[in-house]
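The next block holds one structure in the form of structure tokens; read it before the comments.
The values are calculated or read from the model by the stated rules, or taken from the named source; none is laboratory data. As the structure is a computational prediction, the values presented were derived from the model and not from experiment. For neighbour counting, all protein chains shown are included, and Cβ atoms are generated from backbone atoms with ideal geometry for every residue, glycine included.
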Amino acid sequence: MNMQRKFDIAIVGGGLVGASLALALAEFELSIALVDRQAFTADKTPFRNSPGHFDPRVSAITPQSKRFLESIAAWDGIAAQRLCPYQHMEVWDGEGTGSIRFSAGEIQQSALGYIIENSVILAALYQAIAQHRNIELLAPWELASIASKEGGVSVLASDGSVLECSLVVAADGANSKLRELAGFETREWDYGHNAIVTTVKTGLPHQATAWQRFMPTGPLAFLPLDGGTKEGGSVGQQHCSIVWSVIPQRAEALMALDDEAFRLALGKAFEYRLGDIEWTDRRFQFPLRQRHAQSYFRDGVVLVGDAAHTIHPLAGQGVNLGLLDARALASEIGRGLEAGRSLNDERILERYQRDRKGHNMSMMWLMEGFKHLFAEQAPPVTWLRNLGLSTVDNFSLLKNQLAKQAMGID
């Protein structure tokens, strides 16, 4: 096969960020290719309508990200499937008495955020994409090489087909092949943690609360899921998605446990805040690595989402940062088109980078600081850490302002 196609923009990577960007660009008079290694079909999302069975990959979507998903006509499709709004967040120090509790009611909001399975979001995005004739899905499609040339970029697939584009977007994740082929330099290091993720059923309802315990070995989060309504009981609020970040040796030991032993270890680590762990689904683990591209664009290629930056999942901000990247890039492209500029005009891409790079870096360093702060076991640091948590919890004005900033509320 040796077919050559022309598009204004090619987005390499059809995940949450790439698909969202395609929708955000669809309002403009542009031809858009959305390419991915795997074809998207309905049977690849088996979790979204299965009571008690959940996608192990979930995202904590902020109200700011919700507004973006609404603007690209994807939110209604998400809400029609399932999601779990959470009204409270409780964070505490596993090595002391310090804690802080956030509440949506205190800042006049209906929810602090929404825990949504990635497969649910993706299905809604592709339902919306199907309504746009200027977005063409090319999948399965395997990237082989790229070549920059005057006025654009040639993207070669492994089957010999070629896409000629003015601008190419790397949305192909943390291990982006496009980023590597385009020669972007990154700064990266291991966090020294592996994340264990799974779904559990607890003895007590989750109370529409996101829970997080910080321990020297790493944070443990219980994120509430909507298990459906059950007559005469609260079993619909007894499923949570967990993210347990621990040092690699501990992660391997936990993965080697049978289900009963893992449930006991998890319940103990969580201080039985939701009673016994009654059931656990299959466990997965992956290493955590921080990564940040030194530049977000070069030679007609621009990075978004995990291709540009990856951070520790302890605050659940990774997908939200990627969605904000997509919103910002689409906005700057729109401004550029109004000014009569070409899609690969560096003034467009510089404005996008200026908008997003500082915010992404500040979030990365904040997460790094939290990780080191809670890993410190020296008694004076532990005392000050617990005092700080309790002080902020009692200072409503500051606490509520922190919550608003995390949610993207002005």
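For segment 299-344, give me each residue that is in a loop (DSSP other than H, G, I, E, B) and touching a Lys or Arg at 6+ places or on another chain (Cβ under 9 Å). Give the derivation first.
Quick first cut of segment 299-344, residues in a loop (DSSP other than H, G, I, E, B) only: 299-300, 304, 308, 311-312, 316-317, 339-344.
The answer is Gly300, Val304, Ala308, Ile311, His312, Ala339, Arg341.
Identify the single condition in (1) within 17 Å of Met361 (Cβ to Cβ); (2) assigned to a strand (DSSP E or B); (3) modelled with pLDDT of 95 or more that Arg289 does not satisfy, given that it satisfies every other one.
(3)
Quick check on this structure: which one of Pro63, Pro51 is surrounded by 18 or more Cβ atoms within 10 Å (Cβ to Cβ) and at pLDDT below 95? Step through it out loud before you land on a result.
Values: Pro51 fails: surrounded by 18 or more Cβ atoms within 10 Å (Cβ to Cβ).
Residue meeting the stated conditions: Pro63.
Working carefully through the options Ser103, Ser99, find the one that is polar (S, T, N, Q), within 23 Å of Arg213 (Cβ to Cβ), at pLDDT below 95 and in contact with a helix residue (DSSP H, G or I) (Cβ under 8 Å, 6 or more places away or on another chain).
Details: Ser103 fails: in contact with a helix residue (DSSP H, G or I) (Cβ under 8 Å, 6 or more places away or on another chain).
Answer to the check: Ser99.
Inside segment 296-331, can you point out the residues that are surrounded by fewer than 23 Cβ atoms within 10 Å (Cβ to Cβ) and acidic (Asp, Glu)?
Within segment 296-331, Asp299 is the sole residue that qualifies.
Take Asp259 and tell me if it is closer than 30 Å to Ser154 by Cβ and over 26 Å from the mean Cα position of the chain (by Cα).
Values: closer than 30 Å to Ser154 by Cβ: no; over 26 Å from the mean Cα position of the chain (by Cα): yes.
Taking the combined requirement at face value, the residue does not satisfy it.
When you check Leu264 against the structure, is it surrounded by 16 or more Cβ atoms within 10 Å (Cβ to Cβ) and either at pLDDT 95 or above or out of contact with any strand residue (DSSP E or B) (no Cβ under 6 Å at 6 or more places or on another chain) (or both), yes or no? Explain how you work it out, then say what you get.
Values: surrounded by 16 or more Cβ atoms within 10 Å (Cβ to Cβ): no; either at pLDDT 95 or above or out of contact with any strand residue (DSSP E or B) (no Cβ under 6 Å at 6 or more places or on another chain) (or both): yes.
The answer is no for Leu264.
Check segment 219-239 and report whether any residue there is among the acidic types (Asp, Glu) and either in a helix (DSSP H, G or I) or surrounded by 14 or more Cβ atoms within 10 Å (Cβ to Cβ) (or both). Don't jump to the end; show me each part of the working.
Of the residues in segment 219-239, the ones among the acidic types (Asp, Glu) are 226, 231.
Now narrow it down to the ones that are either in a helix (DSSP H, G or I) or surrounded by 14 or more Cβ atoms within 10 Å (Cβ to Cβ) (or both): 226.
Looking for residues that are among the acidic types (Asp, Glu) and either in a helix (DSSP H, G or I) or surrounded by 14 or more Cβ atoms within 10 Å (Cβ to Cβ) (or both), one finds at least one in segment 219-239, hence yes.
Could you look through segment 156-203, keep only residues that are out of contact with any Asp or Glu (no Cβ under 9 Å at 6 or more places or on another chain) and of a type in the set (S, T, N, Q), and pick out the one that is surrounded by the most Cβ atoms within 10 Å (Cβ to Cβ)?
Out of the qualifying residues, it is Thr186.
Tell me the residue from Ile311, Ile277 that is among the β-branched types (Val, Ile, Thr) and within 17 Å of the chain's Cα centre (by Cα), please.
Values: Ile277 fails: within 17 Å of the chain's Cα centre (by Cα).
It is Ile311.
What residue, among those in segment 247-261 that are closer than 25 Å to His312 by Cβ and of a type in the set (A, V, I, L, M), is modelled with the lowest pLDDT? Quick ask: steps written out before the conclusion?
At the first step, the residues of segment 247-261 found to be closer than 25 Å to His312 by Cβ are 247-257.
Filter again for of a type in the set (A, V, I, L, M), leaving 247, 251, 253-257.
Details: Ile247: 91, Ala251: 96, Ala253: 97, Leu254: 97, Met255: 98, Ala256: 98, Leu257: 98.
Among those residues, the one meeting the criterion is Ile247.
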